[in-house]
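Everything on this sheet refers to the single structure shown next.
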Amino acid sequence: MADNREPILAKDGPSTYQHPLRRLKRSQWWILVVLNIIFLIVGQAAAVLLGRFYYNKGGNSKWMATLVQTAGFPILLVPYFFLHPSDESHGLPTPPPILALSAIYSIIGALIAGDNMLYSIALLYLSASTYSLICATQLAFNAIFSFFINGQKFTALILNSVIILSLSAALLALNDDSDKPSGISSGKYIIGILTAIAASALYSLLLSLMQLTFEKVLKKETFSVVLEMQIYTAVVATCVAIVGLFTSGEWRTLSSEMNNFTTGKLSYVMTLVWTAVAWQVCSVGVVGLIFVVSSLFSNVISTLSLAVTPIASLIIFHDKMNGVKIIAMLLAFWGFASYIYQNYVDDLKTRKNEGDDD
């Protein structure tokens, strides 16, 4: 991995632009990383639990569950304008053509909408704990995509993470004693597992494509540019979800869904609002870690959140935690720890090289 004080975007060679992160001390860099980790873990855990709450209390619209995953994008405008992007533009390369950017953002945005729909289907058919543990396979997928697309090194420890997380998902898929939400058949449970795996793979591909876009197309190293990608792709994904909501006819059921929500109309609205907010808090952490470190590291932290979520689900929803689930969760932590240790080794090597240079 590249020097952890510099974003992975700076791989392509020297630049006349002095990236602000390069002026940070190591302690300041770690504070920035920790803040983004907190945003990602808290945001993702809250979003998953609220999504399961929506289904548990009477919500049934997959397109609505898809829509709220990106509809909160206006929240990102606050940090975007706070950063004064015009002040960061000095010395940066000429921006790519608007047409090319529009095409990239449209494609990525459409893929995000499809990925969100897969996640919505998976969460409908799986308990929050099973869903989270299955989605932890995204780290394995991202390690593979990062190797082929972003040139990430595939060390023995990262390979260990891939294998361990794959075994974790396989255990849950073969577990006949898993707790299924009320009214979910075995067939729908299998569909939930398959869509969760597919969503994890597509999400990992998206992270690698975003990183590739930063490196090869945007060639800019500012956090405002990262936010721009998040905002524009979220706009596209939100539009796709709105079209899906109306063309599918699910919009007709929203009124009765609100009236029949077991905790009341206000609870229905607030559940959707806070789910949208939680996903955007998570998004800030995701793009922040992609910018500061790499797409793979961002996915590692996301995987940690998914491994922690079953514990919260056990407390809030009283999900069953049988032996297989406990083993799967321990395997997820093992896979996460393997990659973190690899990052620690890389950081020590970087410090040693800097000492030799001095």
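Please treat every number below as a calculation from the coordinates, not as lab data. All of these numbers come straight from a predicted model, not from anything done at the bench. Cβ: placed from backbone, ideal geometry, glycine included. Neighbour counts: every protein chain shown.
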| Distance violations [Cα-Cα > 22 Å] among K153/K325; K216/K352; K57/K325; K153/K352; K188/K325; K180/K325 | K153/K325; K216/K352; K57/K325
| Say each of S256 and K188 gets a label point 7 Å from the Cα, pointing the same way as Cα to Cβ; how far apart are those two points in nm? | 1.6
| task | Name all residues of the stretch 147-169 having a backbone nitrogen under 20 Å from the label point set 7 Å from the Cα of L330 along its Cα→Cβ direction, giving them as ranges. | result | 160-169
